[in-house]
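Chemist: What follows is a structure written as structure tokens; I'll ask about it next.
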Amino acid sequence: MLAALELGARFTAGAARADAKRFAQVYSPIGILPPDQYLSLVVQGTTGCSFTSCTFCDLYHEPYRVKTALEFEQHLERVRAYLGASLSLRRRSIFLGAANALAAPLPRLIEWFNLLVRELEAKKRGVGAFVDGFTGARRTTGDFQTLAEARPAARVRGPRVGARPAPRLRPQACTRARSWTPCAPQRPPACGSERS
Ligand code: SF4
């Protein structure tokens, strides 16, 4: 108890500012999470929103972009380093952001899931992500089955680790999108903006 109080007392305004700065180096702004994912470990395979046509929405200000496997691996390393011991407080699930990560091409999703299995015990935690029915990048049962069979990825820069059981998948509808009215002609999947 005393140790916890001492730890709390060290979190001064200066420490909070430094923490916010470090957070911004690890994460893009986290626009929104489904309520059942509030204590999940957030990782970001994409930035921005793949639909970005809801006039009422002010959640994402950057273009939709899909990270390469190497970028995602480095992001996971930064997330782990940033959260440190507090990683244990975020054991509810893994939330794969942003909106929507599942619009990424399937081969890229497989690479990400293999990394999540290797780095963050995705088999035990399960993985949640936004998905919507407007971008055209709909996922089939076979796609989800493929992702559920993810295996620990070979290191982009290192040795391979052993196999573990398949992750549970919990795709989430965009919380705000449930009440949206599409305001623009449907676009092709924005994952065409990928830079890999
Ligand atoms: S409500 Fe959801 S789908 Fe619509 S623009 Fe905002 S984040 Fe994108």
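Chemist: Quickly run through region 46-64 and pick out the residues that are within 12 Å of GLY97 (Cβ to Cβ) and buried (at least 18 other Cβ atoms within 10 Å of the Cβ).
Modeler: Taking region 46-64 first, the residues within 12 Å of GLY97 (Cβ to Cβ) are 46-50, 59-60, 64.
THR46, THR47, GLY48, CYS49, SER50, TYR60, TYR64, listed by residue number.
Chemist: Is it the case that region 67-81 has a residue that's assigned to a loop (DSSP other than H, G, I, E, B) and buried (at least 18 other Cβ atoms within 10 Å of the Cβ)?
Modeler: Step one: of region 67-81, the residues assigned to a loop (DSSP other than H, G, I, E, B) are 67-68.
Narrowing the set further to residues that are buried (at least 18 other Cβ atoms within 10 Å of the Cβ) leaves 67.
Within region 67-81, one or more residues are assigned to a loop (DSSP other than H, G, I, E, B) and buried (at least 18 other Cβ atoms within 10 Å of the Cβ).
Chemist: Contact list please: Cβ distance under 6 Å, first residue in region 30-52 and within 23 Å of PRO107 (Cβ to Cβ), second residue in a strand (DSSP E or B) and charged (D, E, K, R), pairs at least six apart or on different chains.
Modeler: Pairs found: THR47/ARG65.
Chemist: Kindly list the number of the only condition in (1) over 23 Å from ALA104 (Cβ atoms); (2) within 16 Å of the ligand (Cβ to nearest atom); (3) basic (Lys, Arg) that fails for ARG65.
Modeler: The single condition ARG65 does not satisfy is (1).
Chemist: Given the criteria assigned to a strand (DSSP E or B), more than 15 Å from the ligand (Cβ to nearest atom) and crowded, with 17+ Cβ neighbours inside 10 Å, does VAL43 qualify?
Modeler: Working: assigned to a strand (DSSP E or B): yes; more than 15 Å from the ligand (Cβ to nearest atom): yes; crowded, with 17+ Cβ neighbours inside 10 Å: yes.
Yes; evaluated as a whole, the condition is true for this residue.
Chemist: Pairs under 6 Å by beta carbon, first residue under 20 Å from LYS124 (Cα atoms) in region 69-93, partner among the basic types (Lys, Arg) and assigned to a helix (DSSP H, G or I), six or more apart or different chains?
Modeler: The qualifying pairs are SER93/ARG125.
Chemist: Sticking with this one: Does region 107-134 hold any residues that are within 16 Å of the ligand (Cβ to nearest atom), hydrophobic (A, V, I, L, M, F, W, C) and assigned to a strand (DSSP E or B), and which are they?
Modeler: Let us first name the residues in region 107-134 that are within 16 Å of the ligand (Cβ to nearest atom), namely 128-134.
Checking which are hydrophobic (A, V, I, L, M, F, W, C) leaves us with 129-131, 134.
Within region 107-134, ALA129, PHE130, VAL131 qualify.
Chemist: Related question: All but one of (1) in a helix (DSSP H, G or I); (2) at negative phi; (3) exposed (fewer than 15 other Cβ atoms within 10 Å of the Cβ) hold for GLY84, so report the exception by its number.
Modeler: GLY84 satisfies every listed condition except (2).
We did not get these values from a lab; they are worked out from the coordinates using the rules stated. Treat the numbers as computed from the prediction; the structure is a model and nothing was measured. Cβ coordinates were reconstructed from backbone atoms using ideal geometry, including for glycine residues, and neighbour counts include every protein chain displayed.
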